[in-house]
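The values are calculated or read from the model by the stated rules, or taken from the named source; none is laboratory data. These figures come from a predicted structure and were not determined experimentally. No Cβ is skipped: glycine too gets one built from the backbone with ideal geometry, and neighbour counts run over all protein chains shown. Ligands, DNA and RNA are stripped out before the accessible areas are found, and what is left, the full protein with its side chains, is counted by its heavy atoms. Shrake-Rupley method; radii C 1.70, N 1.55, O 1.52, S 1.80 Å.
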Amino acid sequence: MRKKLIVSYVVLIIIAIGISSLSYWTKEYEYLNEKSSEYYLLQAKLLGDVLENSNISDEKDYKDFVQRYAKEYQIRITLISRDGSVVADSDKEQLENHGSREEVVKALRGESVTVTRYSKTMQQDYSYSAVPITTENFQGVMRISLPLSDLKKLNEDFAGAVSRNIFVCLLIAVILAVVFTRFISNPIVEVTKAAEKISNGSYGIKIYTREKSELGRLASSFNVMSENLEKSITGLTQRNIELEAMLRSMNSSVVAIDEDNVILFYNEAFAKLSGKSENLRKQYLYNVFRSGVIFQVLDAVKEKKETVVEEGCFLTDTEDQDRLLRITGTPLCKADGEILGILFIMEDITQIKKLETIRSDFVSNVTHELKTPLTSIRGFIDTLKNGAISDPAAAARFLDIIDIEADRLYSLIQDILTLSEIEQKKEYVLVPVNVNECIQEVINLLNGNKKEQVVLIYEPVPYVKPFMCNPIRLRQLIINLLDNAMKYTEEGTIQIFCWEKENVLNIKIADTGIGMQKEHLSRIFERFYRVDKGRSRKQGGTGLGLSIVKHIVELYGGNIIVESEKDKGTTFLIKLPY
């Protein structure tokens, strides 16, 4: 104990003396350096005044000047013109351009400066003092420089003296430490005995002391031990809270079970997936989550003792539609490989699978829709080649059909390209559009397509706030809805309404056409979906019109509402926020 105290005191004394000595030595060096810099700069200014008051006119006189005063004051003098070239130097005959030197740059700006840096020319550290010079025959900089070797030697001598003082102080401190350690060692021994009794289980013992030194702090440490233990438990609790927060924030369902299939912990996503609101801990997994795929994963993990991934369906008590889950089971093992439990991570991939199905259906439908007109075109071309071209009436009829199919093919490709462009959700053209004028333009464009028994009604309100959008997109939206109404309305009316309410643009198109059954309403915006496939193809539709409408509405953050009744008509209501 005494040796440790002595060593501690000695180390502390060494650190204290070392820091104070280093600080003093640093301040002394900075002071010498600062005073030297001021002296060198003053010397440069005096020599500058001498040069400005002399009648020197040619380069030889400048060289004689720098040689004379450099020798007299034991310094190096350099004259530098405004373009950086060296006019004269007391040590070197030929020198490179000095225009980029720090002290020269500042002196050319009118500053008098002193800079300490390494000289590449002289291969050692120098102090450079530069002042601006202006005479009748010369404008530039006078720079004097001195090596720092003398200053460094003085600093080294001072460091040696400080080291000797440190050694003497250290010797005295060691002697005092030994005496002081003996003085305080007896109370420390008593504290040590009390600590040994506490370590043996005698927790009723407390340390009471009036000491305010290290002994008093040691006694206080024992008395606050319970407080430190509480802090440790609080820290562990905080870590547990952070872990639970992390689990709660996960979108995937997470649950861990022990070797008896009892739930150890889970997150909110798992509770929501299972449809249970009560506490699920310490319950058996098969009582909470009944899905064949999770128990397949459970058995596979226990058998293989490795991570297993399976996909399967899961039907909750609160939903009518199956969910597709990707379940990952990972064993929780000891160091020797024994399984303590299993961690399950369940991801709902229903939407992903749905999108994959939609993509597959889209490719299949596009292939079919492209193949149908192409097959028709090729068939009529072969017929013409086999002799029908000789019959003018038949040939003209076949060419008309080929033209119709080509137009249908072109329209289909244009709709596919339009849909792809809209799905990128990037709109670079946004201008205020007069909605009433846009609707009127579409009516004028399509008015000839409606049947004679159909009445088109549009009574614009006096003023509708212009809507910021791409006018082509808004026109496409109205064209597709109005053209759709005209195709499926044999007689009756088609009404168009447009108004602004609560900073929302409302466009409504209602017809008294054939309508549709309710089971079709959720699918009419799917690509190539047709309520009456034969009628749609006969009318020349591509099956993409309403899908384009839906994507344009979503592009501008709106929504679309459809109401329809079989043989009574259909109403589309578009809501676009300003």
Q. Which numbered condition trips up Asn55, out of (1) at pLDDT 80 or above; (2) open to solvent by 90 Å² or more (accessible area, probe 1.4 Å); (3) outside any helix (DSSP H, G or I)?
A. (1)
Q.
Checking the conditions here, which among Asp415, Asp403 is touching a Leu at 6+ places or on another chain (Cβ under 6 Å) and either buried (at least 16 other Cβ atoms within 10 Å of the Cβ) or within 15 Å of Pro373 (Cα to Cα) (or both)?
A. Asp415
Q. Would a scan of segment 238-246 turn up a residue that is surrounded by 16 or more Cβ atoms within 10 Å (Cβ to Cβ), modelled with pLDDT of 70 or more and in contact with a strand residue (DSSP E or B) (Cβ under 9 Å, 6 or more places away or on another chain)?
A. no
Q. For the subset of segment 67-80 comprising residues that are hydroxyl-bearing (Ser, Thr, Tyr) and in a helix (DSSP H, G or I), which member is farthest from Gln124 (Cα to Cα)?
A. Tyr69
Q. Out of (1) within 24 Å of Lys354 (Cα to Cα); (2) at pLDDT below 85, what's the single condition that is false for Phe265?
A. (1)
Q: Could you identify the single residue in Ser37, Ser21 that is part of a helix (DSSP H, G or I), touching a helix residue (DSSP H, G or I) at 6+ places or on another chain (Cβ under 6 Å) and either free of Cβ contacts under 8 Å to residues at least 40 places away in the same chain or buried (at least 16 other Cβ atoms within 10 Å of the Cβ) (or both)?
A: Ser21
Q. From Asp91, Asp125, Asp83, which residue is open to solvent by 70 Å² or more (accessible area, probe 1.4 Å), within 29 Å of Lys152 (Cβ to Cβ) and not in a helix (DSSP H, G or I)?
A. Asp91
Q: Within segment 439-468, track down each residue that is part of a helix (DSSP H, G or I), among the hydrophobic types (A, V, I, L, M, F, W, C) and touching a Leu at 6+ places or on another chain (Cβ under 8 Å).
A: Val442, Ile443, Leu446
Q.
Of everything in segment 105-116, what is in contact with a strand residue (DSSP E or B) (Cβ under 8 Å, 6 or more places away or on another chain) and surrounded by 14 or more Cβ atoms within 10 Å (Cβ to Cβ)? Give them in sequence order.
A. Lys106, Ala107, Leu108, Ser112, Val113, Thr114, Val115, Thr116
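Residue-wise test of (1) touching a residue at least 60 places away in the same chain (Cβ under 8 Å); (2) farther than 26 Å from Arg475 by Cβ.
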{"residue": "Lys385", "(1), (2)": "no, yes"}
{"residue": "Ala388", "(1), (2)": "no, yes"}
{"residue": "Pro392", "(1), (2)": "no, yes"}
{"residue": "Ser411", "(1), (2)": "yes, no"}
{"residue": "Ile443", "(1), (2)": "no, no"}
{"residue": "Gly448", "(1), (2)": "no, no"}
{"residue": "Gln453", "(1), (2)": "no, yes"}
Q. From the list Lys354, Lys450, Lys371, which one is in contact with a strand residue (DSSP E or B) (Cβ under 9 Å, 6 or more places away or on another chain) and either within 17 Å of Leu544 (Cβ to Cβ) or surrounded by 14 or more Cβ atoms within 10 Å (Cβ to Cβ) (or both)?
A. Lys450
Q) From the set of residues in segment 496-523 that are among the small types (Gly, Ala, Ser) and either open to solvent by 80 Å² or more (accessible area, probe 1.4 Å) or touching a helix residue (DSSP H, G or I) at 6+ places or on another chain (Cβ under 7 Å) (or both), which is farthest from Asp567 (Cα to Cα)? A) Ser522
**Q.** Number of the exception - Phe167 against (1) without any contact (Cβ under 8 Å) to a residue 12 or more places away in the chain; (2) among the aromatic types (Phe, Trp, Tyr); (3) touching a strand residue (DSSP E or B) at 6+ places or on another chain (Cβ under 9 Å)
**A.** (3)
Q | Options Asn506, Asn449; residue that is over 30 Å from Leu355 (Cβ atoms), within 41 Å of the chain's Cα centre (by Cα) and of a type in the set (S, T, N, Q) | A | Asn506
